[in-house]
Amino acid sequence: MSLSLPLPPLHQQRLLPALFLFFTLLIGTVPTQARSLEDIYKSKELRVCIAFLSPAHGSTEPANCRENCKLSGPIYEEIQAFTNSLGRDVRGKFLRINWDEQFFNKVGKTIRETSYTPELLATGQCDIYPNNLTKNEWRLKKIDFVVLFPSRMMVISKQGLESQMRSLLDLAGKKVAVEKNTSFHTWIQEQNRAPLANNPIQIELMSSADSLDAVDTGKVDFTLLDSDMAMWSARHQLKNATVAFPIGITEEIGWAFRKEDKDLQAAAQNFFDQQRKNSDTELNRIWKKYFGRTLNEFVALMMSMK
């Protein structure tokens, strides 16, 4: 015995494909839910997006890899230490990205003025950006921060020019190399609107590594680095360039997360707090290894700078 159901009228049958398409598209627009810390525990996987702004932060092999990269350096070791602190056999899954990708929207653009969750975070490809991001106004429209350390920007000039560069006004009309949508790029643009509007700094956009090379070879007058990067570069990298002077206000630098991921942010904050309790913790040893100072010593130095 077969059971046949009556078909709807013909005009309703013609509507069914259109309705199916409408609801498919509607479902497809529902935003991906942020993975909770419990989801991370269940999957035993912390999804980490790595963007090394400078060799001071780390390196990848091969240089242009995306996945299955060989990673090294302080940021990689720090996020490994945090992942281990989560326990429950959680392991890091790493995706190497370019710096600006951290802020891309659905169509691959960074719109500073707009509030949105960056696509890599919104789609769950990344749980965390441990890339020593500077906390600033336009980024707070997109992500939340757990602060690791305070910092000052440092002007890196060609040797011989440092005596001519001692204040902001000395940078007027000079040529700078910075990477797009870094905090350095943002700060230079702010100065060019005021107080340097009458004689703005000339901006050339290039990678941070190329920016340092441009200063070393005299193609530009200066670049900017955060204090930790400047400290590492002075020890390991600079040849014909030097750290001229600190500039700007004291800033907060740390790891970035989806705004919804409060439990993961709390876990990172607890990890930082525990690591700062004494000088012989894993983060302090990592900093001593790469920067010649423990994290605690570096923080104390930054707090003493006026």
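No value in this document is a laboratory result; all are computed from the given coordinates. In this text, all values refer to a predicted model and were calculated from it rather than measured experimentally. Neighbour counts run over all protein chains shown; Cβ positions are idealised from the backbone, glycine included.
Its Cα centre serving as origin, the stretch 152-250 has a Cβ charge dipole (Lys and Arg +1, Asp and Glu -1) of approximately 160 debye. Across the stretch 189-200, computed HN-Hα scalar couplings (Karplus, 6.51 cos²θ - 1.76 cosθ + 1.60, θ = phi - 60°) run 4, 5, 5, 5, 6, 4, x, 9, 4, 7, 8, x Hz from first to last residue, x flagging Gly and Pro. When the stretch 200-306 is described by a simple charge dipole with +1 on each Lys and Arg Cβ and -1 on each Asp and Glu Cβ, the residue from GLY248, GLN269, LEU224 located farthest towards its positive end is GLN269. Relative to the Cα centre, the charge distribution of the chain, modelled as +1 at Lys and Arg Cβ and -1 at Asp and Glu Cβ, gives a dipole magnitude of about 200 debye.
For the chain, what proportion of DSSP beta bridges, expressed in % and rounded to the nearest 5, is antiparallel? Percentage antiparallel, nearest 5: 65. Projecting the Cα positions of LEU169, THR60, THR123 onto the charge dipole of the chain (unit charges on Cβ atoms of Lys, Arg, Asp and Glu, taken about the Cα centre) puts THR123 furthest along the positive direction. For the residue pairs LYS239/LYS289; LYS106/LYS219; LYS219/LYS289, the C-alpha atoms sit more than 27 angstrom apart in LYS106/LYS219; LYS219/LYS289.
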